[in-house]
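Undergrad: Before anything else, here's the structure in question.
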Amino acid sequence: MCHRRWKIEPFHREVKQVTGLEKCQCRLARIVRNHIGCAMFVWIRLAQVAYQTGQTIYQVKYRGLADFLRQQLKAPHIPMEIA
């Protein structure tokens, strides 16, 4: 029983930390359910990629963010102009 319970704890931690689930400030039940559903889809996809590449979910998430930031610094999608 404890072994099963322990598998749930890392899942909750990963979902909250990787998807931003706890940062939702929605008040309506439907919007909260939609937010939770989207967070679950994100977690599932990150878990799939992590399993396929042999990395952790955290490595997959932050690698993607780092790549995006590098690309944006080289060639910004929205140009910043100083007035």
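Undergrad: Could you give every pair whose Cβ atoms fall below 7 Å, whose first residue belongs to the range 1-14 and is among the charged types (D, E, K, R), and whose second residue is part of a helix (DSSP H, G or I), counting only separations of at least 6 or pairs across chains?
TA: Pairs that qualify, where the first residue is among the charged types (D, E, K, R) and the partner is part of a helix (DSSP H, G or I), are Glu14/Trp43; Glu14/Ile57.
Undergrad: Next question, about the same structure. Here is a check on your reading of the model: is Leu69 free of Cβ contacts under 8 Å to residues at least 40 places away in the same chain, in a helix (DSSP H, G or I) and in contact with a helix residue (DSSP H, G or I) (Cβ under 9 Å, 6 or more places away or on another chain)?
TA: No: the conditions fail for Leu69.
Undergrad: Oh, and also: Could you identify the single residue in Gln55, Gln48 that is part of a loop (DSSP other than H, G, I, E, B) and closer than 26 Å to Glu22 by Cβ?
TA: The match here is Gln55.
Undergrad: Separate question: Residue under question is Val32, and the condition is that it be β-branched (Val, Ile, Thr), in a helix (DSSP H, G or I), in contact with a helix residue (DSSP H, G or I) (Cβ under 7 Å, 6 or more places away or on another chain) and without any contact (Cβ under 8 Å) to a residue 12 or more places away in the chain; does it hold?
TA: no
Undergrad: How many residues are under 15 Å from Val42 (Cβ atoms) and surrounded by 10 or more Cβ atoms within 10 Å (Cβ to Cβ) if we restrict to the range 23-32?
TA: 1
Every read-out reported here was derived from the displayed coordinates using simple, explicitly stated rules and does not represent laboratory data. Quick caveat: nothing in here was measured; it's all calculated off a predicted structure. Glycine also receives a Cβ, built like all others from the backbone with ideal geometry; neighbour counts cover every protein chain displayed.
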